[in-house]
Each structure stands twice: as C-alpha cells, then as structure tokens.
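Novice: Let me give you the structure first, and then I'll get to my questions.
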Amino acid sequence: MEISMKRYEFSLQTSKTIYGLRQSSRQWYKKLTEALIQEGFHQSQADYTLFTRGKDDSCIALLVYVDDIVITGPNITILQQLQDSLHDKFKLKTLGKLKYFLGFEIARTKDSMFLSQQKYTLQLLEESGYIGSKPAKAPMDPRHKLDDQQGEPLTNPTTYRQLIGKLLYLTLSRPDITYAVNVLSQFMASPRTPHLQALQHLIRYLKGSPGQGILYSAKPSLHLRGFSDLDSASCPITRRSTTGFCIFLGDCLVSWKTKKQPTISRSSAEAEYRALAATASEIT
C-alpha cells in the first residue's frame, strides 16, 4: 500500500493572538486537541501528541509538535477533507509531502522510507570543530570503563553539556550511539577529561557516518518482536546493571532504549529478569 503523507503548518486565527502569553503553548494545544476530538480523533495514551481516527483505508494518523503537524494516511481524499474541515477553524499552510521535519530528513521510495538526521549531524560536526577530523570505527571503546574519579575536572563543562544535549536528540534516529550517549550523559554534573575524550571519540565516529539512519519498509507485516540484553554490574560507581532493548514491528525498528537499572541486582539472573520486564513493559 502506498502511503500518502502531508505536512501542515498551523497558526491560530483568533481575534487576540495567544503567542507571547505565559501559557500560550498550553492554550494552543488545548484548542487544537478540542478541535481534533470534535473531528472524531482519539488521543493516544502512550504519546499525547499522537491522534488517530478510522481504520484500514480510512485510517488517519496525526502528530503534533507545537504548531507543526504531520498527517498521514492511505487515502488522499480523506486527508484533503480533513484539511478543509480544519481550515474552517484554523489558518492552514500546506507544505506538501514530508521531506524535512524538526531536524529529520525523510527520503521515500515506492517500497520504503528512510529517516535520518544528516544535516543535523553535519551542523553538529561543524559547530564542534570536528568536520575535518579522522573518523573513528566505533562509538565507544568497550574496554574503557568511565567513572567519576579518574582525570581532572573540566574547567568549562558547558561545552560538554551542550554536546551531550545535541547527541541525545540525535539518538532518535541513531540507535548505534544510544549506549555511548547514555554512559556519557551520566557525568554531565561534573565531567572530567576522560569523559571529554570519550565524547570526542563519539563525535569522530559520527564523522564517518553522518547520513546513517533507519529504513522503514512498506511491507504489511505487523509481527511484533522484542530483543533484550544487559551489561551486568557494568557501572563501576554503583555496580548497577545496564538494560538495553529494541522493538521491531515487522522488519521496522520502532523503539529502542539503554538505561541503567534503578537498583543493584544480587545476581546476573535477577538483572536479566529486570531487563526482560522492561522490554515486556515497552511491548505492552
């Protein structure tokens, strides 16, 4: 089935603008939510920015980010009817098929769709001064265990924190760097020289693959699969284990996460069960 996708950009048309007010974003979202519910949409309990309506050929999915909206569905006529209906309540600006959205680049073929953040990655490399650096082969050296004692504290940790913040957003399309970013983000309060060196190594890894992303196939398989793993007692500071999982819908990767477990496990078997529980919760 060929999926038709459009992106709509909204601006609220009222007698008094809500922009600039202290609670403008909340009021805007409330107004839009009410309008969508009146149109028969259901708000997702897992993601409050996602609204859905109908099923099969009449299905519509609508994703909201402030006043930018992505709408997708298999029937272009129904999408056009929705646009006309919302146009009576809001002032719409149609931007056409989705190609670039919030730093994400979307490339589409007949059988697949590729999602990446290449432009965002290149900007990160240029701003950090690593655009001409030698690429690294891996995100992080697995033999190198970071702690909060070795090395000297950074005199200006602001740059470290800013880079970690940008890398956290990059993990939305780069599962390969999720573990490394998770480890480095644990030292944002007081980063040291070994943490900065590991961060620089990760950025050089991005230099070698700035356009890497996720491929989504158009095959209609809805088989849900989950894979779970853990690094037992990997944290040298707390001795807590690290859980990692990835969830596939058919052949499409739809969810992934790396997180330190909240408590210390008394055995590797207990840590395994905690990792499986987190994976089962995500699948549910």
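Novice: Go through (1) within 27 Å of the chain's Cα centre (by Cα); (2) free of Cβ contacts under 8 Å to residues at least 40 places away in the same chain one by one and return the number of the condition ASP67 breaks.
Specialist: (2)
Novice: So which of LEU206, LEU168, LEU215, LEU202 ends up being in contact (Cβ under 8 Å) with a residue 40 or more places away in the chain and open to solvent by 50 Å² or more (accessible area, probe 1.4 Å)?
Specialist: LEU215
Novice: Go through region 122-153 and give me each residue that's over 14 Å from LEU184 (Cα atoms), among the aliphatic types (A, V, I, L, M) and open to solvent by less than 80 Å² (accessible area, probe 1.4 Å).
Specialist: LEU122, LEU124, LEU125, ALA136, ALA138
Novice: What pairs come up if the first residue lies in region 235-250 and is within 19 Å of ILE264 (Cα to Cα), the second is open to solvent by less than 10 Å² (accessible area, probe 1.4 Å) and hydrophobic (A, V, I, L, M, F, W, C), and their beta carbons are under 6 Å apart, counting only those six or more places apart or on different chains?
Specialist: SER241/ALA271; THR243/ALA275
Novice: Right, something else. Of all residues in region 237-257, which are surrounded by fewer than 16 Cβ atoms within 10 Å (Cβ to Cβ), out of contact with any helix residue (DSSP H, G or I) (no Cβ under 7 Å at 6 or more places or on another chain) and under 22 Å from LEU167 (Cβ atoms)?
Specialist: Answer for region 237-257, where residues must be surrounded by fewer than 16 Cβ atoms within 10 Å (Cβ to Cβ), out of contact with any helix residue (DSSP H, G or I) (no Cβ under 7 Å at 6 or more places or on another chain) and under 22 Å from LEU167 (Cβ atoms): ILE237, VAL254.
Novice: Only residues that are aliphatic (A, V, I, L, M), within 14 Å of GLY213 (Cβ to Cβ) and assigned to a helix (DSSP H, G or I): list them for region 161-182, please.
Specialist: Within region 161-182, LEU170, ILE177 qualify.
Novice: Go through (1) in a helix (DSSP H, G or I); (2) at pLDDT below 85 for GLU9 and report which single condition fails.
Specialist: Going through (1) in a helix (DSSP H, G or I); (2) at pLDDT below 85 one by one, GLU9 breaks only (1).
Novice: Give all pairs with beta carbons closer than 8 Å in which a residue from region 143-159 that is over 13 Å from LEU199 (Cα atoms) meets a residue that is open to solvent by 70 Å² or more (accessible area, probe 1.4 Å); count only pairs at least 6 apart in sequence or on separate chains.
Specialist: Within 8 Å, the pairs are ASP147/ILE237; ASP148/ILE237.
Novice: Tell me, which residue of region 193-240 that is in a strand (DSSP E or B) and charged (D, E, K, R) is nearest to SER112 (Cα to Cα)?
Specialist: ARG225
Novice: Which of the residues that make up region 36-76 are among the acidic types (Asp, Glu) and open to solvent by less than 70 Å² (accessible area, probe 1.4 Å)?
Specialist: GLU39, ASP47, ASP67, ASP68
Novice: Output yes when any residue across region 208-228 is over 30 Å from ALA277 (Cα atoms) and in contact with a His (Cβ under 8 Å, 6 or more places away or on another chain), and no when none is.
Specialist: Within region 208-228, not a single residue is over 30 Å from ALA277 (Cα atoms) and in contact with a His (Cβ under 8 Å, 6 or more places away or on another chain).
Novice: Next question, about the same structure. For region 241-279, name all the residues that are part of a helix (DSSP H, G or I), among the hydroxyl-bearing types (Ser, Thr, Tyr) and in contact with a Gly (Cβ under 9 Å, 6 or more places away or on another chain).
Specialist: Across region 241-279, the qualifying residue is only THR279.
Novice: Next question, about the same structure. Just one of (1) open to solvent by 80 Å² or more (accessible area, probe 1.4 Å); (2) modelled with pLDDT under 90 trips up THR33, so point out which.
Specialist: (1)
Novice: Would you mind telling me which numbered condition in (1) closer than 20 Å to LEU125 by Cα; (2) surrounded by 15 or more Cβ atoms within 10 Å (Cβ to Cβ) GLN197 fails?
Specialist: (2)
The values are calculated or read from the model by the stated rules, or taken from the named source; none is laboratory data. Please read all numbers here as calculations on a predicted model, not as lab measurements. Backbone-built Cβ (ideal geometry, glycine too); neighbour counts: all protein chains shown. We work out accessible area using only protein heavy atoms, side chains counted, and drop any ligands, DNA or RNA first. Shrake-Rupley method; radii C 1.70, N 1.55, O 1.52, S 1.80 Å.
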